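What follows draws every value from the coordinates through simple rules; no lab data is involved. Everything quoted here is computed from the prediction, not taken from an experiment. Cβ coordinates were reconstructed from backbone atoms using ideal geometry, including for glycine residues, and neighbour counts include every protein chain displayed.
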Amino acid sequence: MRSRVMERASLAATHDFDELSIHSDIEVRFVRQFELRMLAEMANRLVPGVQITAPILSKYVTFDPECIFTFIRRNKLVGAVAFLYLNRRGHDALILDELSLNQPDLGLLAKSDEAVSAIYIWAVAATGRGIAGYGKVVSHLRTARYVNANCFAQPSTKAGRDWLIRARFQPIPSFQRDLWCYQRPWNRLPPTTQLPNVSARSIVNAWH
């Protein structure tokens, strides 16, 4: 997850990702085409290592209008979060470090009428209280298309890593560097279940 999250967010109480509060004064909505230029500028300014343009963002929004959410407070854009909704091939590619995270191949993304195999938090850019809108985004990720998909991220800042820990993401074995996973509660094995010793490559098939 390429992100810049305010320090106060990293100091918040620990909450399961699926239990983040929806009670905030932040309005959350799908991005609109006219906002893409502003979002690209915000991402380039706030997210370490990101250089993206409005036309690139437009390509992914045209493919899936639900891939970027904006955070609005008092009619002002205060942040956004972008997701990659991966199909099975994309899920495998993520684990095996065969997915370009700068400009992902559209063939590895789930079509709008297709169930999502994995959700990758592509980028988060937020200022001030914008990150408080995240709970409303997560409520959307509990709808039918997304509900069975575990969530993945790569932290690029200490604040981002702290946020993942507090949202109960965990680092996992994979060929992708520093990959973290949040397993949806209904996908988790019972506490008494013993996991075999498996390689990262064998995990790919086990998740399907």
Checklist entry - Taking the simple approach of a point 7 Å from Cα along Cα-to-Cβ for both Ile22 and Glu98, what is their distance in nm? => result 3.8 nm
Item to check | Residues in segment 144-162 reached by a label modelled at Arg177 [backbone nitrogen below 13 Å; 7 Å Cα→Cβ] | outcome: 154-157
Checklist outcome for this item: In terms of the alpha carbon gyration tensor, root eigenvalues a ≥ b ≥ c, rounded if a/c is under 1.5 and otherwise prolate when a/b exceeds b/c or oblate, segment 42-120 is prolate
Checklist entry - For segment 79-153, which trypsin sites (Lys or Arg not before Pro) are in a loop by DSSP, counting at most 13 other Cβ atoms within 10 Å? => result Lys111, Arg142
Item to check | Segment Phe34-Lys76, length gained on full extension (0.36 nm per residue, minus Cα span) | outcome: 13.7 nm
Item to check | For segment 70-99 versus segment 21-41, the gap between their alpha-carbon centres in whole angstrom | outcome: 13 Å
